Structure formats: structure tokens, C-alpha cells
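The structure appears below as C-alpha cells.
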Amino acid sequence: MENNKIKKILERYPFVERENLIPILQDIQYEYGHLTEEAVKEVGNYLELPASKIYSVATFYSKFRFQPRGKFHLKLCRGTSCQIKGAEKLEKKVYKYLGIMNGETSGDGMFSLEVVACMGCCGLGPVMALNNRYYTEITEDKLEEIIDDYKESEE
Ligand code: FES
């Protein structure tokens, strides 16, 4: 099943050119939400690249994920304006509170984190989104409260 979908994606790139690696990985992530081991293997076979090379390229770009998203997907802005207003502290707070870093998903599958560039509302930073709901002027305490609210909604 997964193989067929990957093959369909690869058919969009009829010329075996290594510069297609990033667009192919983007298409796969768009389809699956993350890069699976199987996908990396298939792409490697197609482009005649070792899996280690694909992992090293994909890990260089923070947009690629290797784990499925959590039920609650948290996006934290790391744009310049949000950085100045303390976004880095929030990333550390997420790690302390949920044990996840950029691109990771909590062991229970509930929360995942994606650090993104500017989210387009710099004046209201630091900015974050949880399942596409936006939150502005986030502090560490506010972040904890928001996460708690989502956790409680599950109990
Ligand atoms: S820098 Fe964070 S919203 Fe623009």
C-alpha cells in the first residue's frame, strides 16, 4: 500500500536526478506527514543513493520529520522578532514539559513540535499555534496553561 503511493510520487520525477531529492521528500512528507523508513529506502533505490545520505540531507532541513505528528501539533515561531521576545525559552520549556524537541512526538503520541520561521504576526510575538489555532504573546506560564488545557480535554 505504502509502496504504491511512494511509487506514484516517484513517477512525478521521471528523470533520475539527485537534485530531485528534496522535492521528492517534500512530496512524501506532504502525503504521509513524515518520512517513513520505507520511503527513505524507496527513494534511495530510485535515486541510487544510500539511506545514510538521504537521512543526512533530510536532517539538515528542520522541515522534515521522521515521526508521525502528535494528536496535538504545536508550532513555535523561531523568526527573528519572536526570538528577540523569548521564543528560545519557549522551545526549552516545551522540552522540559513534554520532553520533545523540534520534529519529535511525545511517547504517548499526544504532542509533537515543529519550529517554524515567521508566522506572519511578528508584532504579537512570541507566537505559537496548536492544531492551527494561533496564540500570541506567549510566556512560559501561558504555554504550560495551554498545553494543560489540551491535556485535560483528553481526560
Ligand atoms: S517572527 Fe514570529 S511571527 Fe514573525
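Brief remarks on what is shown
- Solvent-free Debye calculation, one equal scatterer per alpha-carbon of the range 104-155: log10 I(q)/I(0) at 0.17, 0.26, 0.27, 0.29 Å⁻¹ equals -0.58, -1.18, -1.23, -1.31.
- The simple Förster model, with R0 at 41 Å and r as the Cβ-Cβ distance, assigns LYS8 and LYS142 a FRET efficiency of 0.40.
- Residues ILE147, ILE22, ILE9, arranged from fewest to most other Cβ atoms within 10 angstrom of their Cβ, appear as ILE22, ILE147, ILE9.
- Length released on extending from LYS63 to GLU88, taking residue separation times 0.36 nm less the Cα-Cα span: 7.2 nm
- Alpha-carbon centroids, the range 9-87 and the range 96-118: separation in whole Å: 16
- Unit charges on C-beta of K, R, D, E only; dipole of the range 1-67, Debye: 120
- Note on the chain: Rg/Rh from Cα positions, Kirkwood definition for Rh, rounded to two decimals, is 1.04.
- Only lysine pairs 8 or more places apart, or on different chains, with alpha-carbon atoms under 18 angstrom apart are counted in the range 72-153, and they number 16.
- The chain - share of DSSP beta bridges that are antiparallel (%, nearest 5): 55
- Over the chain: helical MRE at 222 nm, DSSP H runs n ≥ 4 each giving -39500 (n - 2.57), nearest 500: -14500 deg cm²/dmol
All of the numbers you see were taken from the coordinates with simple rules; none came from a lab. Everything quoted here is computed from the prediction, not taken from an experiment. Note that we place each Cβ from the backbone using ideal geometry, even for glycine, and neighbour counts take in every protein chain shown.
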